[in-house]
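One structure is given here, and the rest of the page talks about it.
The values are calculated or read from the model by the stated rules, or taken from the named source; none is laboratory data. Nothing here was measured: the structure is a model prediction, and the numbers come from that model. Using ideal geometry, Cβ is built from the backbone for each residue, glycine included, and neighbour counts are taken over all protein chains shown. These area figures cover heavy atoms from the full protein model, side chains too; ligands, DNA and RNA do not enter into them. Shrake-Rupley method; radii C 1.70, N 1.55, O 1.52, S 1.80 Å.
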Amino acid sequence: SLTAAESFNYKKFFEMVGLKKKSPEDVKKVFHILDKDQSGFIEEEELKFVLKGFTPEGRDLSDKETKALLAAGDKDGDGKIGAD
């Protein structure tokens, strides 16, 4: 059975927060909230706090969850997620 820490499903999360239905402008706004150091990329340590970007009660992701989410968004394999 899955522990609570392993139950985070980023696909369900994206559906829940409506990212799939958001305009490119809205997605960029969310991106800038998560890109704390304004580097133009969301690095693993920023991604860990993704849930807090949507709700103050959000928990930090586990390292395993963060890596899975990073892998899903990291199309070029450089270890971070660009705005595109």
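When the stretch 64-79 is filtered for residues that are buried (at least 16 other Cβ atoms within 10 Å of the Cβ), within 20 Å of Pro24 (Cα to Cα) and in contact (Cβ under 8 Å) with a residue 40 or more places away in the chain, only Leu69 remains. Remark: Lys20 matches the filter, which requires a residue to be in contact with a helix residue (DSSP H, G or I) (Cβ under 9 Å, 6 or more places away or on another chain), at pLDDT below 85, surrounded by fewer than 11 Cβ atoms within 10 Å (Cβ to Cβ) and in a helix (DSSP H, G or I). Within the stretch 55-67, the residues that satisfy the criterion of being at pLDDT 90 or above and either within 9 Å of the chain's Cα centre (by Cα) or of a type in the set (Gly, Ala, Ser) (or both) are Ser62, Thr66.
Restricting attention to the stretch 34-84, report how many residues are of a type outside the set (Lys, Arg) and part of a helix (DSSP H, G or I). Don't jump to the end; show me each part of the working.
Quick first cut of the stretch 34-84, residues of a type outside the set (Lys, Arg) only: 34-35, 37-47, 49-51, 53-58, 60-63, 65-66, 68-74, 76-79, 81-84.
Filter once more, so that each one left must be part of a helix (DSSP H, G or I): 34, 44-47, 50-51, 53, 63, 65-66, 68-73.
Qualifying residue count for the region: 17.
Among residues of the stretch 34-63 that are under 19 Å from Ser7 (Cα atoms), those with a beta-carbon under 6 Å from a residue that is small (Gly, Ala, Ser) at least six positions away or on a different chain give the pairs Leu51/Gly58; Lys52/Gly58; Ser62/Ala5. In the condition set (1) at pLDDT below 80; (2) within 19 Å of Asp84 (Cβ to Cβ), Glu6 is compliant with all but (2).
The single condition from (1) modelled with pLDDT under 80; (2) open to solvent by 90 Å² or more (accessible area, probe 1.4 Å) that Lys52 fails is (1).
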